[in-house]
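Data first, discussion second: the structure below is written as structure tokens.
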Amino acid sequence: MALRNRQGNPRLTAPCWGNNTYGQIGTGGSGSAPQGSPVQVPGLPAIKAISAGGYHSLALDASGSVWAWGQNSYGQIGTGSASSVPQATPVQVPGLPPIKAISAGASHSMALDTSGVIWVWGASSYGQIGNGSSGINQVRPTSVIVPGGAAAISAGWHHSLAVSTGGSVWSWGRNNYGQIGNGTSGTTNRTTPYQVALGGTAAAVAAGLPGVDLGLQQQCPARQRRRGRRPAPDARVRVDTDQLL
């Protein structure tokens, strides 16, 4: 995806490429051959942020609405149902307040609203939704609150992270590699937010390896472009894995 300036108004165009088995490219087809070169994602309004998950994609528009497309087997599209039939074009996620940040995990989705409330939906196999349950997928956004409200979020492969407005880090979900940060690792997962003992404060979190914001096999990099100027560096950095940086 590339952010362009048209007549003085920032606008995010959305070229994507790669695996399109589940419609995660967003052009209306699925199960087809890989998309080997960038193509525009149709039907999106002015966009200000993107996130690519395992087999689904998210976009945040300039008005604070969230759009999703791709695999929906676990309800990660957020429209009220789960289906083996992919959502091959962007659809607006209903029932959300104005959103300021998004993050897509392997099969769950996260959004942060302007009041600091976290919204999560999709797979909950390992408690990555954060509402106290596991094994029950959430097909609609459900709220998760951390003390003081959240300032930043990041969706990992099967876990979730948040930074509070006070700088504390909170984690929940799968803990097979110790990604919760509670001193343990194994089969006991965390279904509600746990405060990680950092010994200091944090400004941001990333649930994965460094790099351009990539899905498992589809690429949608976002770049700022301004008329008459060279493109700015890619702005969003995250690749989801079971590792916490």
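The values are calculated or read from the model by the stated rules, or taken from the named source; none is laboratory data. This one's a predicted model, so the numbers in the text were calculated from it and none came from an experiment. Counting neighbours? That spans all protein chains shown, and the Cβs are built from the backbone with ideal geometry, glycine included. For accessibility, only protein heavy atoms count, side chains too; no ligands or nucleic acids. Shrake-Rupley method; radii C 1.70, N 1.55, O 1.52, S 1.80 Å.
When S160 is tested against the conditions (1) modelled with pLDDT under 95; (2) under 16 Å from the mean Cα position of the chain (by Cα), the lone failure is (1). Every test in (1) in contact with a Gly (Cβ under 6 Å, 6 or more places away or on another chain); (2) open to solvent by less than 10 Å² (accessible area, probe 1.4 Å); (3) closer than 19 Å to I47 by Cβ is passed by Q128 save one, and that test is (3).
Could you check the range 173-184 and list, in sequence order, the residues that are surrounded by fewer than 14 Cβ atoms within 10 Å (Cβ to Cβ) and either in contact with a strand residue (DSSP E or B) (Cβ under 8 Å, 6 or more places away or on another chain) or on the phi < 0 side of the Ramachandran plot (or both)? Residue satisfying the conditions is T184 alone. Residues that are part of a loop (DSSP other than H, G, I, E, B) and crowded, with 23+ Cβ neighbours inside 10 Å were ranked within the range 94-121; the one that is nearest to the chain's Cα centre (by Cα) is G105.
Comparison of A155, A202 shows that the only residue that is open to solvent by 10 Å² or more (accessible area, probe 1.4 Å) and of a type in the set (A, V, I, L, M) is A202. The residue that is farthest from Y74 (Cα to Cα), among those in the range 122-140 that are aliphatic (A, V, I, L, M) and not in a strand (DSSP E or B), is I129. Of the listed requirements (1) touching a Ser or Thr at 6+ places or on another chain (Cβ under 8 Å); (2) farther than 26 Å from T188 by Cβ; (3) part of a loop (DSSP other than H, G, I, E, B), G54 misses just one: (2). Looking across the range 66-93, the residues that are open to solvent by less than 10 Å² (accessible area, probe 1.4 Å) and β-branched (V, I, T) come down to V66, I77, V93. Every test in (1) open to solvent by 40 Å² or more (accessible area, probe 1.4 Å); (2) modelled with pLDDT of 90 or more; (3) under 18 Å from S107 (Cβ atoms) is passed by S30 save one, and that test is (2). All told, Q195 falls short of being of a type outside the set (K, R), at pLDDT below 95 and either more than 30 Å from A33 (Cβ to Cβ) or out of contact with any Ser or Thr (no Cβ under 9 Å at 6 or more places or on another chain) (or both). Report yes if S143 is in a strand (DSSP E or B) and farther than 27 Å from N19 by Cβ, otherwise no. Spelling it out, S143 is indeed in a strand (DSSP E or B) and farther than 27 Å from N19 by Cβ. Of the residues in the range 73-93, none is free of Cβ contacts under 8 Å to residues at least 12 places away in the same chain, of a type outside the set (A, V, I, L, M) and in a loop (DSSP other than H, G, I, E, B).
Please verify whether S134 is surrounded by 24 or more Cβ atoms within 10 Å (Cβ to Cβ) and in contact (Cβ under 8 Å) with a residue 12 or more places away in the chain, treating the condition exactly as stated. In short, no. Hey, can you tell me all the residues within the range 16-47 that are at positive phi and assigned to a strand (DSSP E or B)? Residue satisfying the conditions is G18 alone.
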